[in-house]
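Notes for the one structure printed next.
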Amino acid sequence: MTSPLITQHAQQVFRFGQGLALPHGPAADPAIARSWRRCLDQHQLDPTRPRAPRVIEQAPLNEHRERLHQVIGVARWQMNSLHQQLGGSGQAVLLTDTRGVVIDSVASEAERPEFQRAGLWLGAVWEEAVEGTNGVGLCLVEQQALTIRRDEHFLGQHASLTCSASPVFSPSGDLLAVLNVSSAREDLSRQRRFHTMALTNLSAKLIESCFFLQHCEGNYLLRFHAQPEYIGLLSEGLLAFNGDGQITTVNETALNLLATSRAALLGQHLEAVLDIRLEDLLERSRPQPGSCWPLYTLGGQRLHGQLRGPQMRAVSSATGTVSAPVDGLCLADTRMRSDFNRALKVLERDVPVLLHGETGCGKEVFAAALHRASSRARKPFVALNCAAIPETLIESELFGYQGGSFTGARKEGMTGKLQQANGGVLFLDEIGDMPLALQTRLLRVLEEREVTPLGSTSSRVLDIRLISASHRDLQELVADGHFREDLYYRLNGLSINLPALRERTDKGALIDHLLAKEGGDDAVELDACARRALLEYPWPGNIRQLRNVLRTLVALCENGRINLSDVVALMPTHTTLHNAVKKPLDSAEREVLVATLEARQWHVGRVAEELGISRNTLYRKLRKYGITRG
């Protein structure tokens with residue numbers, strides 16, 4: 001039986017459909033009028049017909065929640081806080097995805113049955129095509145904060161609800177979720193509705209900001225505003241960039257402050273936007289910045305900023321993906337991060353991973369990071385370098401042996417690497433150097449998942465995930481008859497080519513990452529010229545060479561600062577380094593000369609005095625750099 005309230009509401013809707021709506025009625029709002037028209041013409045909904053809430057089953061609901069698990073984690077505390085601020089009872093706080101599916105909710109336990117009957121619970125679908133005009137559905141269409149009050153809903157059965165909804169946008173500017181507060185109380189006062197809408201919108205912005213900060217942990221994060229007191233508040237601009245200065249993400253406030261669009265800004269180098277060299281900006285990076293400093297755009301606009309360096313974050317193995325550095329591994333390079341995510345996914349499915357790359361490019365570090373990010377993080381990670389052990393000992397190292405099985409064997413025997421890694425991850429480095437006879441036995445172990453120690457007649461069940469690595473071309477070894485073809489295909493579940501250090505786009509972030517590890521509790525700074533020299537050096541020994549150099553520089557540096565002279569003194573025989581540092585030194589000096597000349601209107605005497613050099617020396621430098629007054 002249709003209630004009088006639903007009948008009365010349906011009459012308003014039908015009058016609207018006939019073009020007879022009152023100018024002060026529910027459809028006076030253009031957004032609501034558009035929605036009602038869609039409900040009538042496109043969705044063909046009946047405002048009088050009672051509809052049971054559409055609720056998806058648990059399995060697909062889990063998939064919806066899994067896609068936004070990070071957002072749920074960020075939003076949960078804020079949703080509880082919002083519920084408390086609104087007084088708790090009579091309010092349901094919902095978080096939906098972009099399909100209108102409720103993926104999280106907060107309500108008092110006593111009121112849950114009432115809200116469930118209204119469809120305000122997990123798994124309910126609030127798309128406009130399903131539930132007509134409502135807060136969530138209209139917010140998904142309009143992508144702006146709004147309140148739908150009682151008879152502004154299309155379906156009469158929702159006419160007792162008041163809903164305030166606000167969009168939550170991703171760091172890339174796309175709609176990510178909707179935060180909604182629904183109340184089944186009697187008609188709320190205008191002041192109460194305004195208060196609810198304001199708090200809902202504020203909470204959505206807080207969720208956006210927290211998710212942005214979490215999403216950008218692997219990059220540098222510049223926080224800025226025209227007024228320094230606004231840094232750290234919701235009105236601050238947020239801009240993330242990688243170690244090479246390429247802008248990767250911005251928030252809406254940053255676009256407004258810089259008077260530009262997201263399309264025009266993303267992918268640009270920082271120096272194309274801000275009047276500061278990347279090296280000078282990175283010197284201001286701190287793990288937890290406490291003070292701000294002046295910053296200028298190329299157009300001369302004065303801002304104030306703080307710079308946070310890349311953060312270390314724990315990784316959840318449940319998702320099989322990471323977006324920030326894993327402990328011990330820098331993933332600011334997009335290609336590296338993508339390869340890591342792919343490798344982690346297949347490793348979790350018991351698919352072998354085969355790593356290729358030059359010596360020193362970090363294959364073992366990559367493998368160990370995969371182990372720490374996997375579901376086997378608390379199980380053993382066992383590494384064996386097949387090239388570092390004499391051929392006569394590899395078999396016993398890998399398979400182990402029973403006591404007294406051969407001359408010189410320990411009485412108690414030895415557990416091999418395969419058994420040591422049981423339940424965890426085994427990393428076989430330089431697998432291309434494994435003798436052919438052992439390759440045959442290893443293949444049998446991998447196929448049968450059992451291992452028999454030397455001298456033993458009993459086998460042991462084996463449960464391992466396998467990562468192999470080689471700097472040699474295994475396919476060439478197969479063609480030459482030095483590596484078994486069947487073992488190659490058994491190991492090559494997913495092949496990952498790790499780039500050489502000179503090919504990586506995150507050299508700056510990697511240097512900071514390693515410098516922080518080597519410095520330990522002592523903060524060590526790298527001046528701009530030293531940083532540029534390290535960035536431009538080709539590093540034939542890859543990350544291993546870089547880490548050794550940084551370790552030595554940290555040990556020798558004075559007052560916690562590494563200068564260019566420290567780098568040159570450590571590597572005096574490398575002419576490539578001197579060629580690399582000559583250019584930035586000259587470039588920096590030329591920039592200082594030009595800037596000072598322009599600031600002093602080309603008054604040579606004043607410029608020479610300010611720089612502390614003679615006029616003759618100044619003229620000589622002008623000739624050297626080809627500086628002339630335009």
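The values are calculated or read from the model by the stated rules, or taken from the named source; none is laboratory data. What you see is a predicted model, and the numbers here were worked out from it, not measured in a lab. Glycine gets a Cβ as well: all are built from the backbone with ideal geometry, and neighbour counts include every protein chain shown.
Here is how the numbers come out for the structure above:
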{"read-out": "Verdict on PHE366 being in contact with a helix residue (DSSP H, G or I) (Cβ under 8 Å, 6 or more places away or on another chain), at pLDDT 90 or above and of a type in the set (Phe, Trp, Tyr)", "value": "yes"}
{"read-out": "Output for the range 258-271, where each listed residue is aliphatic (A, V, I, L, M) and under 24 Å from the mean Cα position of the chain (by Cα)", "value": "LEU258, ALA263, ALA264, LEU265, LEU266, LEU270"}
{"read-out": "Enumeration of residues in the range 256-288 that are buried (at least 18 other Cβ atoms within 10 Å of the Cβ) and assigned to a helix (DSSP H, G or I)", "value": "LEU257, LEU258, LEU270, LEU278, GLU279, LEU281, LEU282"}
{"read-out": "Some residue of the range 197-210 being in contact with a Pro (Cβ under 8 Å, 6 or more places away or on another chain) and either buried (at least 19 other Cβ atoms within 10 Å of the Cβ) or in a helix (DSSP H, G or I) (or both)", "value": "yes"}
{"read-out": "Sole residue being under 24 Å from ASN80 (Cα atoms), modelled with pLDDT under 95 and aromatic (Phe, Trp, Tyr), chosen from PHE154, PHE115", "value": "PHE115"}
{"read-out": "Out of GLY300, GLY243, sole residue that is more than 23 Å from the chain's Cα centre (by Cα), assigned to a loop (DSSP other than H, G, I, E, B) and not assigned by TED's automatic domain parsing to the domain that holds PRO171", "value": "GLY300"}
{"read-out": "Residue in the range 88-99 that is hydroxyl-bearing (Ser, Thr, Tyr) and in contact with a strand residue (DSSP E or B) (Cβ under 7 Å, 6 or more places away or on another chain) present", "value": "yes"}
{"read-out": "Set GLY87, GLY25, GLY19: member being surrounded by 15 or more Cβ atoms within 10 Å (Cβ to Cβ) and more than 31 Å from the chain's Cα centre (by Cα)", "value": "GLY25"}
{"read-out": "Some residue of the range 223-235 being assigned to a helix (DSSP H, G or I), within 19 Å of LEU176 (Cβ to Cβ) and among the charged types (D, E, K, R)", "value": "no"}
{"read-out": "Those strands (runs of 3 or more DSSP E) lying entirely in the range 419-506 with at least 1 residues surrounded by fewer than 16 Cβ atoms within 10 Å (Cβ to Cβ) and in contact with a Gly (Cβ under 9 Å, 6 or more places away or on another chain)", "value": "494-497"}
{"read-out": "In the range 59-104, residue farthest from PHE211 (Cα to Cα) [restricted to those that are assigned to a helix (DSSP H, G or I) and free of Cβ contacts under 8 Å to residues at least 24 places away in the same chain]", "value": "ALA59"}
{"read-out": "Filtered residues of the range 2-33 (kept if in contact (Cβ under 8 Å) with a residue 60 or more places away in the chain, over 17 Å from HIS158 (Cα atoms) and assigned to a helix (DSSP H, G or I))", "value": "ALA31"}
{"read-out": "Output for the range 229-266, where each listed residue is touching a strand residue (DSSP E or B) at 6+ places or on another chain (Cβ under 6 Å) and among the hydroxyl-bearing types (Ser, Thr, Tyr)", "value": "THR248, THR249, THR253"}
{"read-out": "Residue count, the range 525-547 (criterion: over 26 Å from the mean Cα position of the chain (by Cα) and not in a helix (DSSP H, G or I))", "value": "6"}
{"read-out": "Where a residue in the range 581-604 is modelled with pLDDT of 65 or more and its partner, wherever it lies, is hydroxyl-bearing (Ser, Thr, Tyr), with Cβ under 7 Å and at least six apart", "value": "ARG590/TYR625; LEU593/TYR625"}
{"read-out": "Lone unmet requirement of (1) in a helix (DSSP H, G or I); (2) under 30 Å from LEU213 (Cα atoms) for LEU40", "value": "(2)"}
{"read-out": "VAL524 vs. criteria of a type outside the set (Lys, Arg) and either at pLDDT below 75 or surrounded by fewer than 16 Cβ atoms within 10 Å (Cβ to Cβ) (or both)", "value": "no"}
{"read-out": "Qualifying residues in the range 39-69 (those that are of a type in the set (A, V, I, L, M, F, W, C) and touching a Gly at 6+ places or on another chain (Cβ under 7 Å)) - the one surrounded by the most Cβ atoms within 10 Å (Cβ to Cβ)", "value": "CYS39"}
{"read-out": "Residues satisfying the stated conditions in the range 225-241, i.e. surrounded by 20 or more Cβ atoms within 10 Å (Cβ to Cβ) and under 19 Å from SER170 (Cα atoms)", "value": "GLU236, GLY237, LEU238, LEU239, ALA240, PHE241"}
{"read-out": "Count - residues of the range 337-389 that are of a type in the set (A, V, I, L, M) and in a helix (DSSP H, G or I)", "value": "10"}
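Here is a yes/no grid of residues against (1) out of contact with any Pro (no Cβ under 7 Å at 6 or more places or on another chain); (2) of a type in the set (Lys, Arg); (3) modelled with pLDDT under 80:
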site: ARG531; (1), (2), (3): yes, yes, no
site: ASN548; (1), (2), (3): yes, no, no
site: VAL554; (1), (2), (3): yes, no, no
site: GLY560; (1), (2), (3): yes, no, no
site: PRO572; (1), (2), (3): yes, no, yes
site: GLU610; (1), (2), (3): yes, no, yes
